[in-house]
Amino acid sequence: MKEQEKNEIEVEIREHSDADFFPEKCPICKMSNLKRFTYKFREIQDLGTPLICRRTHYERVYFQCKECKEIFTIEHPLIPIGARYMPGVIKYAVARVLKKGDSIRRVTQDLNELHLVKISETTVQRWINEYGEKDKISTDLSEEEPPDDFSGFLSLDGTFKSVKVKKNDQNLVP
Ligand SMILES: [Zn+2]
């Protein structure tokens, strides 16, 4: 591991695998005669501290049905499809900008320097745009319960979209 650049920084790695959620049956023919077909490892960045660099090693597994030969994947409950950053990183950045009023530049710098997340302003900007358009700002964000919401993120092209938009009753309509 070459991540140990400065010896006072600890690298904390968590491992997640789709194999922990081995599917019960084929989505096509519904038979339960399945095997692992192949896999891919991906590194996903998480929010660290000035002294702890946090990364998730995620194993994306492709399963195959031995009956109909269909190859398929599952959606991991903690890892949005295509994610390069854990949902908490996005949530943090969006809260800083939309709720606390910090600038995108400032938040990007803090992510890089204080939380050891390698990220560009462009990416943070994109998250803000996507969240800003949803209910015109932050009121909804604080209402989300994190664990159940993870599967509400889908990614088709590396970008994040909040699929589950939670309405709250005291919506501030301009
Ligand atoms: Zn099948």
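Every number in this text was worked out from the coordinates using simple rules, so none of it is lab data. Keep in mind the model is a prediction, meaning the values are calculated, not measured. Positions of Cβ are backbone-derived with ideal geometry, glycine not excepted, and every protein chain shown enters the neighbour counts.
The figures follow:
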{"quantity": "For peptides 96-109, 74-87, sequence by mean Cβ density within 10 Å, most packed first", "calculated": "74-87, 96-109"}
{"quantity": "Sorted by Cβ density within 10 Å, fewest first, the residues Glu8, Glu15", "calculated": "Glu8, Glu15"}
{"quantity": "Which listed pairs, of Lys25/Lys91; Lys40/Lys118; Lys40/Lys69; Lys40/Lys66, have C-alpha distances above 29 Å, in listed order", "calculated": "Lys25/Lys91"}
{"quantity": "Centre separation in Å (Cα based) which lies between region 91-126 and region 28-73", "calculated": "28"}
